Each structure stands twice: as C-alpha cells, then as structure tokens.
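This report concerns only the one structure given below.
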C-alpha cells in the first residue's frame, strides 16, 4: 500500500477548512458567551485518548509504551485528585476537633485564676464565665477575652 502526499492545492484547501472550523468552534462560541476551559479534567483526558486511538494511523499504531505511559499519567492524576479531596476534608475535621478541644479547655478554667496577654498588657484574674463556639471567650475582671490569649491557668 502506497501513501500519497497532498498536492499544494489540497493542502491549501485543508488549511482553509481548518481555519473555518477553528473560527466556528472558538471565535463564534466566544462571541456567543461560551468560554473555553483553561484546564483539562479526567473526562477531557479520556475523550482525547479515545480520539487518539480511533484516529491513529493503522500502519503506525500507537506503541504500547506510549499508551501505558498515558494511562499511568491518568491514574496518577486520579489518585492525586482523590488525595487532595481527602486532605481538604481531613483539614476541616482537624479544625472542628481543635475548636471542640479549645472550648473544653476554656470551660475547665471556669472559676480558676488565669494570666493572659491583651496586646502588651498582662491581665490576671479569675474566670467568671465562658462562651462556647468556634472561638471561645472567657470573662475576667468584667471583660471578655479570647481563650487563645490565656497563657497560664492556675490552681485555686
């Protein structure tokens, strides 16, 4: 089987068809409010791979090594996305646990003398009230302070 080369006229016609396709696909869509994506996802990767396999040259098919490398890249990308989602969720869980522990510590200081820093001023007094929530506060000497300002809690 002999492979024929394109004539200059055929090449010019093909170039013109590509320009028209690009204009219709990208420029026209942009004018109508459609904006192309800036990043490729896993669906895009699978579509590209499928098209690549469908339109490959039957006389020179894609080598196994290339195919395996692309699948490995895809698999790595999937695992990285899954890990990223897990780490994000785990970060939120740690934050909630830290808030619970902080609130529990503040409650346990109720009625005890504390030393805290308010800017450059050191304040000493007894904890008379504690608020609950993500950022617990304590009432010392008639003023509410954030729990994270407390440096020392003393025995009664």
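Of note:
- Residues of the stretch 1-32 that are assigned to a loop (DSSP other than H, G, I, E, B) and modelled with pLDDT under 65: 1, 2, 3.
- For residue 84, the requirement of being modelled with pLDDT of 75 or more and within 26 Å of residue 151 (Cα to Cα) is not met.
- Flag for residue 133 being more than 20 Å from residue 156 (Cα to Cα) and in contact with a helix residue (DSSP H, G or I) (Cβ under 8 Å, 6 or more places away or on another chain): yes
The values are calculated or read from the model by the stated rules, or taken from the named source; none is laboratory data. Please read these numbers as outputs of a predicted model, since none were measured by experiment. Ideal geometry is used to build each Cβ from the backbone, glycine not excepted, and the neighbour counts take in all protein chains shown.
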